[in-house]
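Bear in mind these aren't lab numbers, they're just calculated from the coordinates by the rules spelled out. Just so you know, these numbers come straight off a predicted model, no measurement behind them. Methodologically, a virtual Cβ is constructed for each residue, glycine included, from the backbone with ideal geometry; neighbour enumeration extends over all protein chains shown.
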Amino acid sequence: MKHILAYISGLAFLVGLTGCVTFNDSSSIASEQEDINILREDLNRVQGRVETVELENRRMVNEVEKLRADSSNTRNEAAIQERLDNLERQIQAVNASREKDKQAIVDQLSAKIAEIMSKGSGQSSRGGAGNEYIVKPGETLSAIAAAYKVKVGAILEANDLKDPDNLRAGQKLVIPR
């Protein structure tokens, strides 16, 4: 779970570093600052939800361990086993919910990053083939594809890439038009 929070924090940090604009009017800066503040609020809410889920998960795991310890001293093992099974189902439900929350967080942050990147990212024209893009640390192919409004498969094909999860910072990608 710590790696998810680190990933979210890294994405939030990247949001603060996106783009290099030389001339901005005050309304553009205010708009970008407002976007960053909204992202920070979203991140804080999500971190609170994740912490709540983690606490509930730990509580349930502790209860399962306690029940297992008590089961050796109890005559009614069938009832205890039923309670254990119920708690394990609850843990699985919490974990499934946590996975959905993680995906929702990633989707929200990717969309926001793509929006911010599309406002002013480091792209340069490259003839008729498409745009050339330099991968920044922590970026994903799906976020880059969303920023350019192209499919991940099109970028994979244009760059003869086999694995969309195997990007390196500094790598040059051709973004097809």
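Subtracting the Cα-Cα distance of Glu51 and Asn86 from their residue separation scaled by 0.36 nm leaves 10.3 nm. Here the stretch 163-177 and the stretch 35-72 have alpha carbon centers that stand 35 Å from each other.
Other residues whose C-beta falls under 11 angstrom from the C-beta of Ile36 contribute a net charge of -3, scoring Lys and Arg +1 and Asp and Glu -1.
By the count of neighbouring beta-carbon atoms within 10 Å, fewest first, Ser31, Ser110 end up ordered Ser31, Ser110.
Would you mind checking Lys100/Lys162; Lys66/Lys100; Lys149/Lys172; Lys112/Lys149; Lys136/Lys162 for any pair whose Cα atoms are more than 25 angstrom apart? Correct reply: Lys100/Lys162; Lys66/Lys100. Taken over the Cα atoms of the stretch 123-176, the convex hull encloses 69 Å³ per residue.
What the phi angles of the stretch 28-36 give under the Karplus curve with 6.51, -1.76 and 1.60, with θ = phi - 60°, is a coupling list of 5, 5, 5, 5, 5, 5, 5, 4, 5 Hz, glycine and proline written as x.
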